[in-house]
1. For segment 72-110, name all the residues that are in a loop (DSSP other than H, G, I, E, B), hydrophobic (A, V, I, L, M, F, W, C) and closer than 20 Å to Arg203 by Cα.
2. Quick one: in segment 188-204, which of the residues that are open to solvent by 60 Å² or more (accessible area, probe 1.4 Å) and touching a helix residue (DSSP H, G or I) at 6+ places or on another chain (Cβ under 9 Å) is farthest from Asn102 (Cα to Cα)?
3. Quick one: in segment 48-66, which of the residues that are closer than 24 Å to Lys6 by Cβ and touching a helix residue (DSSP H, G or I) at 6+ places or on another chain (Cβ under 8 Å) is most open to solvent (accessible area, probe 1.4 Å)?
4. Filter segment 67-82 down to the residues that are closer than 17 Å to Ile145 by Cα, open to solvent by 50 Å² or more (accessible area, probe 1.4 Å) and not polar (S, T, N, Q), then identify the one that is farthest from the chain's Cα centre (by Cα).
5. Restricting the search to segment 141-187, which residues are open to solvent by 10 Å² or more (accessible area, probe 1.4 Å), within 11 Å of the chain's Cα centre (by Cα) and at pLDDT 95 or above?
6. Is one or more of the residues making up segment 4-24 farther than 24 Å from Leu195 by Cβ, open to solvent by 70 Å² or more (accessible area, probe 1.4 Å) and either at pLDDT 95 or above or of a type in the set (A, V, I, L, M, F, W, C) (or both)?
Amino acid sequence: MAAIGKTPILGGILLTLLIMLVLSTGIDMVAVRSLIPKHFEVAYFIERTFYWVSVAVLWLYATKKEGQSLLIWKDNRYSIGTLLSHIVALFFIMVICVDLVNLFISWTMHEGSSKLLPKIADFLRNNMFLLFFTALTAGVTEELIFRGYLQTRLTLLLKNPYWAIFISSLIFGLVHFRYGTVKNMVGPFIIGLGLAIYYWRYRNIKVTIIFHFLWDFAGLLFLLSRYPH
């Protein structure tokens with residue numbers, strides 16, 4: 001891997017933060033819905049595609065400004081059995097950690113319920129394509145952005161993988177703030193932390209993508225059962 005100057009690295013990190021600010025605040029969704037007010041499904045699909053566009057933007061920045069590929073950590077090769085065992089282990093660890101943290105939050109503070117999640121459940125209940133597309137988009141694009149790009153650039157900039165893991169995970173948690181509760185931010189922070197540690201240790205973005213997709217897909221199905229008609 002060729003050396004990259006600090007200026008383009010910092011520029012890429014700031015670009016990533018700007019993109020996440022736009023996407024996490026829903027500015028893009030407001031803009032799309034103002035143009036397509038009567039077709040929410042179409043507007044939602046377009047809003048999700050902005051995540052894919054964001055990956056393309058970061059890829060262009062990496063290749064043109066940094067002179068590197070989007071993913072600068074080469075994936076380690078593992079057998080299919082090993083990859084499956086990693087995914088299963090991640091699920092086991094994440095479920096325990098997230099449940100323990102959520103239990104602690106429930107014991108120590110009183111927080112209201114999310115107003116956005118019931119709306120998402122009602123909207124996705126009768127549209128399995130968009131439910132699948134939502135989970136797929138989150139799994140692929142968020143891993144490429146937060147683990148594949150942001151974490152690796154922070155590691156180069158800070159010369160410290162631990163700070164890079166923490167900061168990228170913290171930002172990952174914070175961009176979920178519009179879901180409305182502390183749990184909705186702390187949960188993603190814990191998940192981001194686990195995936196960032198995994199990616200740093202095992203260098204395989206495919207595992208984090210598959211795990212993220214399956215986690216979100218299962219989470220959306222659980223959401224439908226939690227908020228029935």
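1. Restricting attention to segment 72-110, the residues satisfying the condition of being in a loop (DSSP other than H, G, I, E, B) are 72-79, 109-110.
Imposing the further condition that a residue be hydrophobic (A, V, I, L, M, F, W, C) reduces the set to 72-73, 109.
Scanning segment 72-110 gives Ile72, Trp73.
2. Ranking the candidates gives Tyr202 first.
3. Our first condition is that a residue be closer than 24 Å to Lys6 by Cβ; within segment 48-66, this holds for 54-55, 57-66.
Now drop any that are not touching a helix residue (DSSP H, G or I) at 6+ places or on another chain (Cβ under 8 Å), which leaves 54-55, 57-58, 61-62, 65-66.
Working: Ser54: 11, Val55: 21, Val57: 58, Leu58: 2, Tyr61: 46, Ala62: 0, Lys65: 143, Glu66: 17 Å².
For segment 48-66, the residue satisfying everything is Lys65.
4. Ranking the qualifying residues of segment 67-82, first place goes to Lys74.
5. Glu142, Leu144, Ile171
6. no
The values are calculated or read from the model by the stated rules, or taken from the named source; none is laboratory data. Computed from a prediction, not measured in an experiment: that's the story for all the values here. Cβ coordinates were reconstructed from backbone atoms using ideal geometry, including for glycine residues, and neighbour counts include every protein chain displayed. Surface accessibility is based on the protein's heavy atoms, side chains included, excluding ligands, DNA and RNA. Shrake-Rupley method; radii C 1.70, N 1.55, O 1.52, S 1.80 Å.
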